[in-house]
Amino acid sequence: MSAKILNLPNTLSLVRVFLAPLVLLFLSIRISGALPLPWFLEDDPPAWGDVLAGAVFVIAALTDSLDGYIARKRRLVTTLGKFIDPLADKVLVIAAMIALVDLHRIPAWIVLVIITREFVVTGLRLVAAAEGVVIAASKGGKLKTVFQIVALTMLILKIPGGMALMWVAMVLTVWSGMEYLIGGSKILMEQ
């Protein structure tokens, strides 16, 4: 890859892809021990692996905001970036959700709903792209992502209220998916 293609925003997106397996790994580590915890975590404290996974997840999520900002500010938007950025987001979120299903912190059906929405929207974008139409991220899609990231962080760290926030994230996920489908229905119905 040339230096122009492997610019800072694209590198940050690639880093996010490679951090996702670390989230899985750390969530599978069950190292207990004394952690300086706030009062609301004392009943069901996170393990060291949870704390490490949470730290990696937050760092990876922050690279998402950072890479987009840098790409727009420095005019470093590339075709690779348009591909790898949303892929990195999905890999990170899905990796965390899979680990949390295994730990019984999130029901599998919620993960299925969220993953299905991602496939539908990605498929719609591919069809639109083949027709020469670009479907930009909607405000609902961006809001969905914020709620997913915050809810997953809370679930990873066992912060109370994480599951309630995940319900909100799931509703926003379905709502934004319907938004994309309604907006893209003209493309899908063309002969």
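The values are calculated or read from the model by the stated rules, or taken from the named source; none is laboratory data. Computed from a prediction, not measured in an experiment: that's the story for all the values here. Neighbour counts run over all protein chains shown; Cβ positions are idealised from the backbone, glycine included. When the accessible area is computed, the model is the full protein with side chains, heavy atoms only, and any ligands, DNA or RNA have been set aside. Shrake-Rupley method; radii C 1.70, N 1.55, O 1.52, S 1.80 Å.
Calculated FRET efficiency, residue 174 to residue 87, Cβ-Cβ distance, R0 = 22 Å: about 0.55 to the nearest 0.05. Relative to the globular-protein estimate of 2.2 N^0.38 Å, the Cα radius of gyration of segment 89-154 stands at 1.25. Relative to the dominant Cα principal axis of the chain, helix 108-130 is inclined by about 20°. For the chain, the longest principal axis of the alpha carbon atoms and the long axis of helix 8-28 meet at an angle near 40°.
For the chain, what relative contact order do you get, as a whole percent, if you take Cα pairs closer than 8 Å and at least 6 residues apart?
Details: 208 pairs, mean separation 47.8, N = 191.
Worked out over the chain, it gives 25 percent.
Going by alpha carbons, how many degrees (0 to 90, nearest 10) lie between the helix axis of 139-156 and the longest principal axis of the chain? Approximately 20 degrees, to the nearest 10. For the chain, the longest piece that avoids every one of the trypsin sites (Lys or Arg not before Pro) found in DSSP loops with at most 15 other C-beta atoms within 10 Å covers 76-191. The listed residues 179, 131 rank as 131, 179 when sorted by accessible area, largest first, using a 1.4 Å probe.
Here residue 186 is the anchor, and the lysines within straight C-alpha reach of less than 22 Å, apart from those fewer than 8 places off in the same chain, are 139.
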